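Notes for the one structure printed next.
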Amino acid sequence: MLSLLLFFIANISMIYIILMKKVLKIFFYFIILGAIVYSVVFQKPLPCAAPLPYTLGKFDNEFNISQSYFLSALSDAEAIWEKSQGDYPGRNLFDYTPRNSTSDVLKINLIYDYRQKATSKLSSLGIVVKDNRNSYDTIKGQFAALKDDYLTQKNAFNALIKDFNQRQLAYKNEVSSWNNKGGAPQKEYDRLQAVQMALNVESKKLQTMQTEINSKVDEINAMVVVLNRLADTLNLSVDKYNTIGAERGESFEEGVYYSDGTNNEIDIYEFSSRAKLVRVLAHELGHALGLPHVADSKAIMYELNQGNNATLAKADLDALKTRCGIK
């Protein structure tokens, strides 16, 4: 009887061990499955594991370029990062998706404001803006000469306006006086008519002079915006210039990438040529990939858009390899 009981207990123990092994095996499988589901659903994909989708957002027509021109520049900027460079094999990092408004798509906006207006104004005057000290000094000299000319013309204009207003007031008072007397004699009437005609002619001349002064103000303000931008860009220890008769924003960035965790956008504000447009787009696309600024002044990811090369520098490649886990 005792031996039978011991045999029964031994069998029960064996069955229990077998069942526990199966339970632990199933539990282990569930842990693995849960980890896989968590990584797929909750974890962000690895950088560069899939192309970053982007689309065209706001597009201001004041730049006088077509959307196809802008998209062509975007394509060139994209290619700078994607084409093979030395031992870097190249990969598809970006994917253009037209008319896509979902929040996870990078939106690229072309926004026209005082920055591009200032650059366009100087360009129309034959002034080429470059991101270097020589360009800053040249524009500074032109600015000083133009402002002196403006102040001289403005002072002369103010004196003429003061004299005109006094003579116009005297004319109105004289006309009012004769009207209160029942009318002026013919000789006085003819004289007053001649005075009125002369005042009208002078008024038109003053309006023309005012238009010329306003044009100078626009040129001066454009130079102020560009000079302040160059001072910031080149990190110059100089005083800020003030605009005349207008308020301008203090910041001047050709482009900026920003993300609030949900929306990702690139705003492009200013460019002086197609080559500069491609470079600023490539720079901001680099930020969209998660790349920081680099120290090499010839690199796409250098903090200033002052280079002329349309290829990645070693510093760019190193930053890209680090970000994308390329060995």
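Any residue in region 81-96 that is over 32 Å from the mean Cα position of the chain (by Cα) and loosely packed, with under 14 Cβ neighbours inside 10 Å? Give the steps one after another, and end with the answer.
We begin by selecting, within region 81-96, every residue over 32 Å from the mean Cα position of the chain (by Cα); these are 87.
If we keep only those that are loosely packed, with under 14 Cβ neighbours inside 10 Å too, we end up with 87.
Scanning region 81-96, I find at least one residue that is over 32 Å from the mean Cα position of the chain (by Cα) and loosely packed, with under 14 Cβ neighbours inside 10 Å, so the answer is yes.
Please work out which residue is surrounded by the fewest Cβ atoms within 10 Å (Cβ to Cβ), limiting yourself to region 98-140 and to residues that are modelled with pLDDT of 90 or more and under 16 Å from the mean Cα position of the chain (by Cα).
For region 98-140, the residue satisfying everything is Asn109.
Please specify each residue of region 167-197 satisfying the condition of being closer than 30 Å to Lys216 by Cα and at pLDDT 90 or above.
Within region 167-197, just Met197 meets the criteria.
Which members of region 168-205 meet the condition of being under 28 Å from Tyr150 (Cβ atoms) and surrounded by 14 or more Cβ atoms within 10 Å (Cβ to Cβ)?
Gln168, Leu199, Glu202
Check Met301 against each of (1) aliphatic (A, V, I, L, M); (2) surrounded by 14 or more Cβ atoms within 10 Å (Cβ to Cβ); (3) free of Cβ contacts under 8 Å to residues at least 40 places away in the same chain; (4) farther than 27 Å from Asp318 by Cβ and name the one condition it does not meet.
(4)
Limited to region 202-245, what total is found for residues that are modelled with pLDDT of 80 or more, of a type in the set (Gly, Ala, Ser) and assigned to a loop (DSSP other than H, G, I, E, B)?
1
Which one of these is surrounded by 15 or more Cβ atoms within 10 Å (Cβ to Cβ), in a helix (DSSP H, G or I), assigned by TED's automatic domain parsing to the domain that holds Val226 and at pLDDT 85 or above: Phe70, Phe143?
On the way: Phe70 fails: assigned by TED's automatic domain parsing to the domain that holds Val226.
Result: Phe143 is the single residue among Phe70, Phe143 that is surrounded by 15 or more Cβ atoms within 10 Å (Cβ to Cβ), in a helix (DSSP H, G or I), assigned by TED's automatic domain parsing to the domain that holds Val226 and at pLDDT 85 or above.
Are any residues in region 269-316 among the β-branched types (Val, Ile, Thr) and either under 17 Å from Tyr96 (Cα atoms) or part of a helix (DSSP H, G or I) (or both), and if so, which ones? Working first, answer last.
Filtering region 269-316 down to residues among the β-branched types (Val, Ile, Thr) leaves 278, 280, 294, 300, 311.
Listed by number, the residues that qualify are Val278, Val280.
Does Val224 fit the bill of being touching a Ser or Thr at 6+ places or on another chain (Cβ under 8 Å), within 30 Å of Lys276 (Cα to Cα) and not assigned by TED's automatic domain parsing to the domain that holds Glu270? Working first, answer last.
On the way: touching a Ser or Thr at 6+ places or on another chain (Cβ under 8 Å): yes; within 30 Å of Lys276 (Cα to Cα): yes; not assigned by TED's automatic domain parsing to the domain that holds Glu270: yes.
Yes: the conditions hold for Val224.
The values are calculated or read from the model by the stated rules, or taken from the named source; none is laboratory data. Not measured: the values here are computed from a predicted model. So basically every Cβ, Gly included, is an ideal-geometry build from the backbone, and we count neighbours across all protein chains shown.
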